[in-house]
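Asks: Quick one: this structure, given as structure tokens, is what I'll be asking you about.
What follows is calculated from the coordinates using simple rules that are stated; it is not laboratory data. The structure displayed is predicted, hence computed values, not measured ones. Counting neighbours? That spans all protein chains shown, and the Cβs are built from the backbone with ideal geometry, glycine included.
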Amino acid sequence: MNAYLFVFNRNTSVDYNKLHENIKSDRHISNWWHYLNSAYILISSYDANQLADSIRSYYPYQLLVIKITKSNYQGWLPQDAWDWISKNVPYQ
């Protein structure tokens, strides 16, 4: 499994509840994190290209999907966000 950061522009014409429901039901995403309004961390066995293609099937707008690891990261988040990252994002 790999972890990816999925980032997108907020657009008022997009139904973000529907996007969230699609992410939750996407069979290629085994787990997800959504502590920031315009970003998710997604856990998937897909590579970045495959995952972006899957997301584009229900979110056909500008997006970025990039692989992440725990080897080099930093930020300011609540403790439960760091706990999720520690448990789910691989070191790779």
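Asks: Return P(r) of the chain (all Cα-Cα pairs; 10 Å bins starting at 0; whole %; ordered from short to long distances).
Replies: 16, 53, 28, 3
Asks: Quick one: 61, 35, 4, fewest Cβ neighbours within 10 Å first, how do they rank? Can you show the working numbers first?
Replies: Values: 61 12, 35 15, 4 23.
Ascending Cβ contact count within 10 Å gives the list 61, 35, 4.
Asks: I want to verify a result. In a Gaussian network model of the chain, Cα cutoff 10 Å, which of these has the top mean-square fluctuation: 48, 81, 39?
Replies: 81
Asks: With a point put 7 Å past each Cα toward its Cβ, work out how far residue 21 is from residue 72 in nm, to one decimal.
Replies: In this crude spin-label approximation the distance works out to 4.1 nm.
Asks: What is the local net charge at residue 44, summed over the other residues whose Cβ is closer than 11 Å to its Cβ (Lys, Arg +1; Asp, Glu -1)?
Replies: Numbers: positive: 27, 67; negative: 26, 47.
Result for the neighbourhood of residue 44: 0.
Asks: Below 8 Å between Cα atoms, with a sequence gap of 6+, how large is the relative contact order for the chain in percent?
Replies: With pairs under 8 Å counted, the relative contact order is 39 percent.
Asks: Scanning the chain for trypsin sites (Lys or Arg not before Pro) in DSSP loops with at most 14 other Cβ atoms within 10 Å, what's the longest stretch left with none?
Replies: After excluding every exposed loop site, the longest remaining stretch is 28-69.
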